[in-house]
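Reviewing the structure listed below.
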Amino acid sequence: VDNIDIAMSTPMALTSDNYYTAAMASIALRKKLSPVVSDAGMWLRLKYDCRKYPHERFSVMVSLGESSVEGYAPNTVQTDPMLALKAVRDALEDPKSLNITDDDLASWKEILKQYVSDQKKTPEYWMNAISMRYLDGKDFTTGCDAKIDAVTADDIRNLLTSLAEGSRVEYIIERK
């Protein structure tokens, strides 16, 4: 099995507005990349992170690997991982042109609000929220629904453009 990891990172001030924009940008990336990799007979895993230390940044790790094509459409075949990498790179080339409909944006906002609501029911969420508020002066809990609602399609496209042009994009290819 061949695996490809794509690491992207860009400086981003860690504000609650940017944090929620980053969460929705990760949803947008998954939406854009999922059909590209599934058409290539690959699986996709996307993880994102907003870091405070040593510098505030937004980072995304996109992992691809060969899937079993069982259960796929009859004509689906696995693409050479290097061709899949090219297809992903092409898909990431122009984030400014990403089509984000009003329905997409509304759906992503509801998904994120539900996720935050679920997280607020855990002690880990509150331990992290309180430590960020009192140690770093960052409040991610007050008015989060309004901050999520304030995220625009242009905010998402701008962050994805910054990520695509970011300070570091690395490709890690593992051949077995």
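In the stretch 41-52, the residues that are at positive phi form Cβ pairs under 7 Å with partners that are surrounded by 13 or more Cβ atoms within 10 Å (Cβ to Cβ) and among the β-branched types (V, I, T), at six or more places apart or across chains, as follows: G41/V69; G41/T76; G41/T79.
Filtering the stretch 91-116 to residues that are outside any helix (DSSP H, G or I) and over 15 Å from the mean Cα position of the chain (by Cα) leaves E93, D94, N99, T101. Taking every residue in the stretch 115-126 that is at negative phi and pairing it with any residue that is among the aromatic types (F, W, Y), at least 6 positions away or on another chain, the pairs with Cβ-Cβ distances below 7 Å are Q119/Y125. In the stretch 93-113, the residues that are open to solvent by 80 Å² or more (accessible area, probe 1.4 Å) reach residues that are modelled with pLDDT of 85 or more with C-beta atoms within less than 6 angstrom, at least six apart or across chains, in these pairs: K96/R157; K96/T161.
Taking the criterion of being closer than 25 Å to M8 by Cα and touching a Ser or Thr at 6+ places or on another chain (Cβ under 7 Å), the residues of the stretch 79-129 that qualify are P95, K96. Among the residues of the stretch 133-142, which ones are without any contact (Cβ under 8 Å) to a residue 24 or more places away in the chain and surrounded by 13 or more Cβ atoms within 10 Å (Cβ to Cβ)? If the condition is that a residue be without any contact (Cβ under 8 Å) to a residue 24 or more places away in the chain and surrounded by 13 or more Cβ atoms within 10 Å (Cβ to Cβ), then R133, T141 are the ones that fit.
Take A23 and decide whether it is touching an Asp or Glu at 6+ places or on another chain (Cβ under 6 Å), under 20 Å from G143 (Cα atoms) and small (G, A, S). Taking the combined requirement at face value, the residue does not satisfy it. In contact (Cβ under 8 Å) with a residue 12 or more places away in the chain, open to solvent by less than 40 Å² (accessible area, probe 1.4 Å) and farther than 11 Å from M24 by Cα, is that true of V88? In short, yes.
The values are calculated or read from the model by the stated rules, or taken from the named source; none is laboratory data. Quantities reported herein were computed from a predicted structural model and do not represent experimental measurements. Ideal geometry is used to build each Cβ from the backbone, glycine not excepted, and the neighbour counts take in all protein chains shown. What goes into the accessible areas is simple: the full protein's heavy atoms, side chains included, and nothing from ligands, DNA or RNA. Shrake-Rupley method; radii C 1.70, N 1.55, O 1.52, S 1.80 Å.
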